[in-house]
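Each remark here refers to the structure printed beneath this line.
The values are calculated or read from the model by the stated rules, or taken from the named source; none is laboratory data. Bear in mind that the values here come from a model prediction, so they are computed numbers and not experimental data. Neighbour counts are summed over all protein chains in view; Cβ atoms, including those assigned to glycine, are modelled from backbone coordinates with ideal geometry. For accessibility, only protein heavy atoms count, side chains too; no ligands or nucleic acids. Shrake-Rupley method; radii C 1.70, N 1.55, O 1.52, S 1.80 Å.
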Amino acid sequence: MQTKTDSVPNPLLGKWDTPFGSPPFDLIKTDHFKPAAEEAIRYASKEIEAVTSNPDPADFSNTIEALERAGETLGRIASVLFNLNSAETSKELQAVAQEVSPMLTRFSNDITLNEELFHRIKAVYDTRYNSGLSTEQLILLEKKYRSFILGGAGLAEEKRKRFREVSEELSQISLMFEENVLEETNAFELHLTDPSDLRGLPDGIIEMASAEATRKNRTGWVFTLHYPSYVPFMQYSEKRELREKMLKAYSSRSYRGNEHDNRELVIRIVNLRREIAQMLGFSNYAEMVLGDRMADSQAKVESFLDNLFISSHPAALRDFENIRKYALANGHNDRIERWDWAYFSEKLKKERFSIDDEMLKPYFNLTSVCNAIFSLAGKLYGLRFRKINDIPLYHAEVTAWEVYDADGKHLALLYTDFHPRPGKNGGAWMTCYREQRKDGAADIRPLVSIVTNFSRPTDTKPALLTFSELTTFLHEFGHALHAILSDCTYESISGTNVARDFVELPSQFMENWAYEKEWLDEWAVHYQTGERISADMIEKIKEASTFNEGYACDRQLGFGFLDMAWHTLTTPFEGDVRLFESEKMKRSDLFPQIDSSNMSCSFTHLFGGGYAAGYYGYKWAEVLDADAFGYFVEKGIFNREVALSFRKNILEKGGTDKPMNLYVRFRGREPSIDALLNRSGLIQ
Ligand SMILES: [Zn+2]
């Protein structure tokens with residue numbers, strides 16, 4: 001498939017004649033993406049047309065499998081484009097991504113609204129139980145069918161118009177919601193000119209505030225509501241009245257009665273979401289969203305949140321009492337208000353655990369960490385990693401590794417890209433350039449990538465990781481294992497293509513090793529002296545990780561209650577946002593109410609991003625990973641049998657069965673919250 005007008009072949013379209021069929025990064029130029037995407041869309045449309053014009057009656061193979069295979073080249077191009085746009089971008093590449101993105105959206109909308117295609121899918125779906133389909137095939141079919149249904153494909157013509165209106169308005173006002181919060185976050189500043197107002201703040205924070213002031217042509221210091229400024233200010237400022245001012249500004253964003261107030265938008269969004277869910281035949285929005293989750297009903301999510309709350313609330317009260325007493329003993333003679341919490345917590349934490357990043361970093365040399373994580377995968381699953389040199393890379397700092405199994409079988413190609421660069425997004429992520437699938441007898445192995453922003457080496461020091469960078473590496477590596485070990489037939493349900501509340505199990509699970517003496521003892525030595533990390537330090541890391549966990553858990557649960565309350569409404573909401581919110585959150589709230597505050601109006605996870613009826617997922621994933629790791633602790637953290645079971649039942653299976661079935665096969669029972677309660681120190 002080549003564009004005919006070009007004399008030079010477009011490398012994105014041809015066969016990739018590289019080791020492991022990896023992207024020919026050395027040949028791909030920014031200009032290649034758009035024409036390649038256009039050509040690939042034309043080709044994919046023909047593939048879809050071939051499905052709909054097939055004279056044979058619809059069956060799994062000629063409809064679902066054919067649809068699954070369609071657009072392979074397009075998918076390959078999109079993954080290179082968007083992965084590069086995150087890891088190694090430029091103004092030009094960003095512009096291309098912005099042009100190609102709507103083309104892809106249009107194409108996928110065309111598919112969802114293709115009536116002939118939907119009729120064929122529905123015909124296969126309606127006869128699914130007497131077609132001799134395997135579990136994996138049934139799941140693929142249900143997933144495809146569901147995506148059409150949620151896209152409005154099953155609606156009668158007269159309802160479709162309203163459906164489109166509501167969908168469009170929802171995407172528009174969710175954006176407005178987020179923009180309002182951003183405006184309000186930017187609108188506030190705390191401008192200080194008296195050095196005594198800086199009492200307690202660390203030098204680095206003061207410097208940042210001074211730079212911010214200079215940027216705004218002011219004297220003195222400017223603090224803002226952005227996290228890097230707001231959080232340390234609340235933790236360290238000794239000026240209570242300034243903390244109060246900051247907190248009140250933060251918690252009243254988009255709730256101040258001005259043009260950026262989100263009250264009306266919250267109501268509009270929950271009402272439209274309810275309307276759309278009910279048009280599609282669900283009783284409320286949560287029921288629609290939860291349909292393909294591990295916690296697949298409102299009742300399951302609510303009882304999960306309730307049960308966890310029963311255990312965490314007493315611990316939260318203990319945490320609160322500890323901080324209250326500590327504050328009292330340190331000269332605070334008033335109630336503990338919201339703006340006192342972070343300040344006294346931080347002080348007490350420091351007193352109790354005298355441990356910080358600078359003390360730990362020398363033990364976490366990136367090269368040793370990388371080797372240690374690879375050999376952990378060897379110990380658990382028998383994997384081996386071999387560095388590969390003769391392969392095209394998108395940047396000189398990227399390393400490519402071949403991953404192979406104990407018996408020498410090739411499993412995957414893994415790219416690691418560790419350090420920050422101007423063209424790289426912040427944060428850390430795992431992604432694929434190709435996902436695992438089977439094509440007849442051929443097992444197409446994945447191309448996996450881990451991208452992070454770890455501290456660089458300097459002239460005098462190797463790259464040394466903070467403890468949280470160590471857990472980040474383990475986390476992303478856990479996602480990578482899910483992709484590397486995948487042994488599924490269909491790409492849309494292979495590797496990490498699993499239910500949203502299941503996908504963080506393999507990643508969070510790996511983080512547990514960072515707290516294990518048995519593992520750290522093997523490799524964590526001081527990069528200069530060679531001295532082993534002390535047992536005392538490991539103990540302190542562990543203890544510090546459970547500090548105020550009861551309180552933190554209560555708070556997360558409160559957000560979960562609020563989320564579920566907004567998204568289980570079955571009739572139009574006409575009440576008061578603030579009253580509704582305080583009613584739903586009051587059982588988890590430990591502080592006196594502040595009249596000017598509101599959470600919903602700035603809760604972008606729920607009303608902007610995609611966490612609606614999904615906030616519970618954070619805690620849900622923690623329960624899973626703690627319970628899974630609990631099994632390892634019980635049998636020995638390097639136990640090969642348990643590891644093999646985790647590999648066979650979870651890591652290899654992607655989304656080929658219901659997550660609960662996969663989990664039960666691994667664990668022998670459903671997950672219990674006890675392991676999390678234990679790990680977080682919530683049980684006394
Ligand atoms: Zn993750």
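Under 5 Å from the amide H of Y433 lie the amide H atoms of L447, V448, S449, each residue being 5 or more positions distant or on a separate chain, with H modelled from the backbone and absent for Pro and chain starts.
Charges on Cβ only, +1 for Lys and Arg, -1 for Asp and Glu, centred on the Cα centroid of segment 577-684; of L624, F646, L579, which one is farthest towards the dipole's positive end? The residue sitting most towards the positive pole is F646.
According to the Kirkwood relation over distinct C-alpha pairs, the hydrodynamic radius of segment 21-114 is 14.5 Å. Can you give the percent of C-alpha pairs in segment 477-620 whose distance is more than 21 Å? I get 63 percent for the Cα pairs in segment 477-620 exceeding 21 Å. Take each peptide in 430-441, 353-364, count the other Cβ atoms within 10 Å of every residue, and average; sorted highest first, the result is 430-441, 353-364.
Computed from the C-beta positions of E179 and E531, the FRET efficiency with R₀ = 56 Å rounds to 0.60. About its Cα centre, segment 38-164 has a charge dipole of approximately 540 debye under the convention of +1 per Lys or Arg Cβ and -1 per Asp or Glu Cβ, with nothing else charged. For the chain, a Kirkwood radius taken over Cα pairs fed into Stokes-Einstein (10 °C, viscosity 1.306 mPa s) yields D = 57 µm²/s. Model label points for T127 and D17, set 7 angstrom from Cα along the Cα-to-Cβ axis, are 4.5 nm apart. Computed from point charges on the beta carbon alone (+1 for Lys and Arg, -1 for Asp and Glu), the dipole magnitude for the chain about its Cα centre is near 380 Debye.
F418 contributes about 30 Å² of solvent-accessible surface, heavy atoms of the protein only, 1.4 Å probe.
What number do you get for segment 238-355 when its Cα radius of gyration is normalised by 2.2 N^0.38 Å, N = residues?
The value comes to 1.55.
Between helix 617-635 and the chain there is an angle of about 90 degrees, using the helix long axis and the longest principal axis of the Cα atoms.
Straight-line cross-link partners of K46 among the lysines, defined as a Cα under 26 Å from its Cα and at least 8 positions apart when in the same chain: K4, K15, K34, K122, K143, K144, K438.
Using the Karplus curve 6.51 cos²θ - 1.76 cosθ + 1.60 with θ = phi - 60°, what ³J(HN,Hα) values do you get for each residue of segment 380-395, in whole Hz, with x for Gly and Pro? After applying 6.51 cos²θ - 1.76 cosθ + 1.60, I find 7, 10, x, 6, 10, 10, 10, 5, 10, 9, 8, 8, x, 10, 8, 7 Hz.
Taking Lys and Arg as +1 and Asp and Glu as -1, the other residues whose beta-carbon sits under 10 Å from that of N284 total +1. Averaged over its residues, segment 177-219 has an accessible area of 60 Å² per residue, based on protein heavy atoms and a 1.4 Å probe. The residues packed around E516, meaning those with a beta-carbon under 11 Å from its beta-carbon, carry a net charge of -2 if Lys and Arg are +1 and Asp and Glu are -1. Kirkwood analysis of segment 397-512, using all unique Cα-Cα pairs, places the hydrodynamic radius at 15.2 Å. Specify which residue in the list S131, M103, A249 is farthest towards the positive end of the charge dipole of the chain, using unit charges on the beta carbon of Lys, Arg (+1) and Asp, Glu (-1), about the Cα centre. Projecting each Cα onto the dipole axis, the largest value belongs to S131.
Note on segment 349-423: along the principal axes its Cα atoms extend 51, 36, 16 Å, ordered by decreasing extent. On the basis of the beta-carbon distance and an R0 of 35 Å, N371 and D306 show a calculated FRET efficiency of 0.20. With the whole protein complex present, L290 retains an accessible surface near 0 Å², based on a 1.4 Å probe. Peptides 482-490, 576-584 ranked from most to least packed give 482-490, 576-584, packing being the mean of other C-beta atoms within 10 angstrom over each peptide's residues.
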